[in-house]
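Accompanying notes for the structure given below.
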Amino acid sequence: MECLASPSTSGKTRKRTAHPENIAKRQRQLYLYSWTIEEGSSKAPLTTQNVFAYCWTEDQYAKGANAIAFIVYHRLMNTNLTDISTDTLSFHRTAYVEKDVKKLECILRPEDYLEIIGTYSTIVRMGSDCEVLDFKRGMSSVIKDVGSWHFQFKNCKRFLIQWSKEIGNVVIPGEVHYTNNMGVLKKITRKNKKASDLNPEVIIKNIVRSEPAKLVDVKKLFTTHFILSGKMRRDFI
């Protein structure tokens, strides 16, 4: 905690009490992650029926590519794809939740965030509403390393996944343009492997260990907040 000296017209220097919000900005915190998928066209209205927010805390699962891969997989598996020949994934951000969060003076629990997120979407709690699969480890024995693919991954703006003539497999062209399809259709699976061979295992919940220093900071933050504000919540006693 840092208390900064503020100027005084009397010629003396007085110390300004640090506000809990300022303390929070300087210390490590435990985070709630939310990754949202919106179904429908770009002109479709956003409602709780077609917006799905996948939420978890950092002590439950790690964030990263595996979480994103699983979320996309889970949403596709729970969507009626009848009469749909093409499914496009695009990434954009609508800051409705952020605006509501800024209106709150203090947020202490993940449930406080979830209450706001739930007004704009259907919440899917990772590990509770669905088991999280380990695609990263499961793919290592089926899919080639990215450096061995037939196109340069980092230079591509789009990836088209199509069924292969070989039953149970897919082909992927890497497209360097947003509109023109000029990539070559080839498999990215290892020798004698098919995409259907992918069988990821379930990731055990709550095995992510937070840094000890972060836990110390969180404890200090709560203690300081309650002392400075003069409030104590029963659920934090």
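Would you mind stating whether Ile107 is at pLDDT below 90 and either surrounded by 11 or more Cβ atoms within 10 Å (Cβ to Cβ) or among the small types (Gly, Ala, Ser) (or both)? Spelling it out, Ile107 is indeed at pLDDT below 90 and either surrounded by 11 or more Cβ atoms within 10 Å (Cβ to Cβ) or among the small types (Gly, Ala, Ser) (or both).
Restricting attention to segment 152-181, the residues being surrounded by 10 or more Cβ atoms within 10 Å (Cβ to Cβ) and either part of a strand (DSSP E or B) or under 27 Å from the mean Cα position of the chain (by Cα) (or both) number 18.
The values are calculated or read from the model by the stated rules, or taken from the named source; none is laboratory data. Computed from a predicted structure; not experimentally measured. Virtual Cβ from ideal backbone geometry, glycine too; neighbours counted across all protein chains shown.
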